[in-house]
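What follows is a single structure, written as structure tokens, with notes after it.
Throughout, read-outs are computed from the coordinates displayed, never taken from laboratory work. Computed from a predicted structure; not experimentally measured. Note that each Cβ is placed from the backbone with ideal geometry, even for glycine, and that neighbours are counted across all protein chains shown.
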Amino acid sequence: MLSLVIPVYRNEESIPSLLQAIDDLNVQLQGELEVVFVVDGSPDKSFELLRENLPMRQFSSQLILLSKNFGSFMAIRTGLQHAKGRTFAVMAADLQEPPSLVLTMNKVLNNEPVDVVVGVRESRQDPFLSKLASKMFWGLYKRYVIPEMPAGGVDMFGCNLAFRDNLLKLEERHSSLIAQIFWLGFRREVVLYSRVAREHGKSAWTLRKKINYLMDSVFSFTDLPIRLLIRVGAAGSIFSSLYGISVIFSKLAGLIEVPGYAMTLFMITLLGSLNLLGLGVVGSYAWRTYENTKGRPLAIPMKVLDFGVNK
């Protein structure tokens, strides 16, 4: 059975179309479908509409209401925790990703030696500024956080039971679910799709949320800011020393006549650079302490085989 997890937030207008799309999926899966709706503290009538309509549907479902808006990734984790299937897929409620992609991912998981399938956008029917912002966002994400991240980003994924169980072991409050998927490794497959324009409502994925998400990803999966501090501090120390030498020679040559100018400028640049360098060094130790408090497994065995002794 396939468990489909759908986080719901401000999707009141798209719910009728969403339920019809799920009905079609259920028919194609011959009834082997469970849908877990997780209403992430949505302020509209999404929960009431689902509570009213789900008992009349032909597919098995769960409806979960979170006490407040915890964010889509926490909603997805909650759905995965309650799902009862053998394979799993995640889909947005706004139908910008084609529901048929769920069938594709499920087919790959069942017929190929793959543990996780990620949906990668090869095109998107969004306004120009939205496409530009998304391209910049995922470009930075790929460059500084997860080098394996596809250029178009990932919004949908499917996985088997083993991958789901290991994903749920990573209990980090401020993190990135997508980055965790790539961090876990396992056998991964990519499927391509075209993102369509949103028909109902307005996206709650605001610029502020994107920036916060990028910051959570950076601080949870890379020590880049600390390394930048060390590099800037080291480079500044070198340049300030060279600058100080040039100021001293200029003073001795009589090119600087203001008393105390040379020493003041030299001390400001040198101490400022040493301060950055020191913060970077201290941050390196703090980062290692932080890494150890996450509780992530040091290694994840994909398979454990037990061979008996031949007699």
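As a quick test, which of the pairs Lys107/Lys169; Lys45/Lys107; Lys45/Lys84; Lys68/Lys135; Lys84/Lys107 have an alpha carbon distance above 28 angstrom in this structure?
In this structure, Lys45/Lys107; Lys68/Lys135 lie more than 28 Å apart at Cα.
What is the calculated FRET efficiency for Ser241 to Leu140, with r their C-beta to C-beta distance and R₀ = 45 Å, to the nearest 0.05?
Rounded to the nearest 0.05, the efficiency is 0.85.
Using amide H atoms built in the peptide plane, which far-off residues or other-chain residues are under 5 Å from Met156 H to H?
The answer is Gly119.
Amide H of Gly85 versus every other amide H placed in the peptide plane: which residues, excluding those fewer than 5 positions away on the same chain, fall under 5 Å?
Excluding prolines and chain starts, which carry no amide H, the hits are Ser3.
Please state the Cα pair-distance histogram of the range 1-130 with 5 angstrom bins from zero: what percent is in each bin?
Final binned percentages: 2, 10, 21, 23, 21, 13, 7, 2, 0.
Check each of the trypsin sites (Lys or Arg not before Pro) in the range 138-167 and keep only those in coil by DSSP with at most 14 other C-beta atoms within 10 angstrom; list them in order.
When the trypsin sites (Lys or Arg not before Pro) of the range 138-167 are filtered for loop state and at most 14 Cβ neighbours within 10 Å, nothing remains.
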